[in-house]
Amino acid sequence: MDLPQRLAFCKKCEKRTFDPNLGIVCSLTQRKPDFISNCNDFIIDPKEASKIAAKSYAAQSAPPEESGSFSIWGVIGLILIVIRLIFFFGRL
């Protein structure tokens, strides 16, 4: 487990604290997490865990960006070009 994965684990722990020089650290050791696969002192922070779960759910349930807006503007632009060509060749 690399450091970003360990920090993600620590963000959900009640024993986390913040050091302005280091960022998220353990309140027991005052150091960055150095466990290998899991922390024996981990206690889940229900409030923070629910925030993270809500953000994850919101990201998954967000509607996809509309890619159809480009095609609508493309059709409108094509129609305007055709109208302009009709007027241009109609004057000849």
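Just so you know, all these numbers are worked out from the coordinates, no wet-lab data involved. Keep in mind it's a predicted model, so treat the numbers as computed, not measured. Because the Cβ atoms are built from the backbone with ideal geometry, glycine has one as well, and the counts that use them run over all protein chains shown.
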Shape call for the stretch 1-50 from the C-alpha gyration tensor, a ≥ b ≥ c root eigenvalues: rounded (a/c under 1.5), prolate (a/b greater than b/c) or oblate? rounded
Quick check: residue separation of K55 and D34 times 0.36 nm, minus the Cα distance between them. What number comes out in nm? 4.9 nm
Give the residue list of trypsin sites (Lys or Arg not before Pro) in the stretch 1-66 that are DSSP loop and have at most 10 other beta-carbon atoms within 10 angstrom. R31
Only Lys, Arg, Asp and Glu count, each charged at its Cβ (+1, +1, -1, -1), so figure out the dipole size of the chain about its Cα centre, rounded to 20 debye. 220 debye
Here FRET efficiency (C-beta to C-beta, S71 to R91, R₀ 41 Å, nearest 0.05) is 0.85
So for the pair K47, I24, with labels modelled 7 Å out along Cα→Cβ, what separation do we get in nm? 1.6 nm
Checked against the structure, the computed percent of Cα pairs over 18 Å apart among [x] 74; [y] 41; [z] 65 is the one labelled [z]
Give me S61, S27 sorted ascending by neighbouring Cβ count inside 10 Å, so fewest comes first. S61, S27
